[in-house]
Amino acid sequence: MAGAGGAPWPPPAQDLCQRGASPVSRATRRYDAVLFDWDDTLCYAEPHRFLHAREVARHFGLDIPLPEIYQAFIRAGDSGFDDWARFCARLPVEFGVDPDQQASFVHAYRIREVYRRFQLFEDVLEGIDGLVARDLRVGLISNNTEVAVHAAALNVTHHFEVVVSPLTYRVAKPHPEIFARALAQMEVEPERAIYVGDSYDNDVVGARAVGMLPVLVDRFAVHDDAVDAEHRVTGFTELLALLDRLLAPE
C-alpha cells in the first residue's frame, strides 16, 4: 500500500521511531479519522481507581491530591504494559505508606476488583455520534488486552472500524507500530488521523511518533506535567469544538 508521495505504507518501524522527534504541525488540516484510547478516555471502572486510591490513602492518614495520585500511579507502572500484582505492590510505596502498613493498603485497594463495574463516560455515545456527523471514521487502540471484551459487553464495538490491543499485533503503546498497523488496517495515513488518549507517555508521545495529531484528554485534571501536548480537552464537548476548528477550511 502506498502513502503520500508514493512512499510505502506502513513505513519500516525504524523510520516511524525517527519521525516522532517534533510535534505535529498546528496548521489547520483536513482529518479523516479519530482513534481513541479506551481506559479513562472512553471507559472507566466504577469506582474510579484514582478516587478509590485517594479514599484508601485517607484511611491510612494520607491526604493526597489527584495530580499526585496520578503521578504515583505512573511511577508504580500503571501506564505500562506491565504486571498487575507488581503495580499493586509498588503503589503504597509511591504513596508513602509506612512499610508495616503496605500489605494492608494493597488489600484495601484491591477490594475494588471484587465489585468494580465498567461503564462509559456519560458523554461518549453522544460524542461518537458527533464524530459520525462530521464524517469522521472512528477506531480504538488500547493497551488493555481485554478491550474487545469490554467494548462488546458495553455494546459499542460497532462504533469502531478497528479495535486493537497488544494481543492484535503483539506490540503495545507507545511503540509506533501499534498505531501504524491500526491505521494501515483502516487505510488512513497518519497525517490524516487524530489520536485521543489520557496518557501523555503512551498516547501523546506514541501517536506523535507515528505522525498522528495527539489530543490529551484530562478528565480528572491530573496532567500538570504535559506542558507540550498539542491539544488538551476534558471531554467530548471540548473535543468536538476542537475538531470543528481543525476541520474548518483554511
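The values are calculated or read from the model by the stated rules, or taken from the named source; none is laboratory data. These numbers come from a predicted model, not from an experiment. Positions of Cβ are generated from backbone atoms using ideal geometry, with glycine treated the same way; all protein chains shown enter the neighbour counts.
Among the residues of the range 195-232, how many are without any contact (Cβ under 8 Å) to a residue 24 or more places away in the chain and β-branched (V, I, T)? Talk me through it step by step, then tell me what you get.
Narrowing the range 195-232 to residues without any contact (Cβ under 8 Å) to a residue 24 or more places away in the chain: 216, 218, 227, 231-232.
Now restrict to residues that are β-branched (V, I, T): 227.
Of the residues in that region, 1 qualify.
Within the range 138-147, can one find any residue that is surrounded by fewer than 16 Cβ atoms within 10 Å (Cβ to Cβ) and at pLDDT 95 or above? Full working, then the answer.
Of the range 138-147, the ones surrounded by fewer than 16 Cβ atoms within 10 Å (Cβ to Cβ) are 145-146.
From what's left, at pLDDT 95 or above: none.
Among the residues of the range 138-147, not one is surrounded by fewer than 16 Cβ atoms within 10 Å (Cβ to Cβ) and at pLDDT 95 or above, which makes the answer no.
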Is the range 174-192 home to any residue that is touching a residue at least 60 places away in the same chain (Cβ under 8 Å), among the aliphatic types (A, V, I, L, M) and farther than 27 Å from E126 by Cβ? yes
Meets criteria (loosely packed, with under 13 Cβ neighbours inside 10 Å, more than 17 Å from Y195 (Cβ to Cβ) and in the same structural domain as E55 (by TED's automatic domain parsing)) for H107: yes
Criterion violated by E122 - all others in (1) within 23 Å of the chain's Cα centre (by Cα); (2) assigned to a loop (DSSP other than H, G, I, E, B); (3) more than 30 Å from L240 (Cβ to Cβ); (4) at pLDDT 95 or above satisfied: (3)
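Scan the range 158-173 for residues that are exposed (fewer than 15 other Cβ atoms within 10 Å of the Cβ) and assigned to a helix (DSSP H, G or I) and report the count.
Summing the residues that are exposed (fewer than 15 other Cβ atoms within 10 Å of the Cβ) and assigned to a helix (DSSP H, G or I) in the range 158-173 gives 2.
Listed here are the residues, each with its yes/no results for (1) in a helix (DSSP H, G or I); (2) closer than 25 Å to A207 by Cα; (3) in contact (Cβ under 8 Å) with a residue 24 or more places away in the chain.
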| position | (1), (2), (3) |
| --- | --- |
| Y44 | no, yes, yes |
| L91 | yes, no, yes |
| D100 | yes, no, no |
| A108 | yes, no, yes |
| V114 | yes, no, no |
| T145 | no, yes, no |
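Residue by residue through the range 73-104, note down the ones that are among the hydrophobic types (A, V, I, L, M, F, W, C), within 24 Å of D198 (Cβ to Cβ) and surrounded by 14 or more Cβ atoms within 10 Å (Cβ to Cβ).
Taking the range 73-104 and keeping what is among the hydrophobic types (A, V, I, L, M, F, W, C), we get 73-74, 76, 81, 84-85, 87-89, 91, 93, 95, 97, 103.
Pick out the ones that are also within 24 Å of D198 (Cβ to Cβ) and you get 73-74, 76, 81, 84-85, 87-89, 91, 93, 95.
F73, I74, A76, F81, F87, C88, A89, L91, V93, F95, listed by residue number.
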Checking D135 against (1) assigned to a loop (DSSP other than H, G, I, E, B); (2) farther than 22 Å from T237 by Cα, which test does it fail? (2)
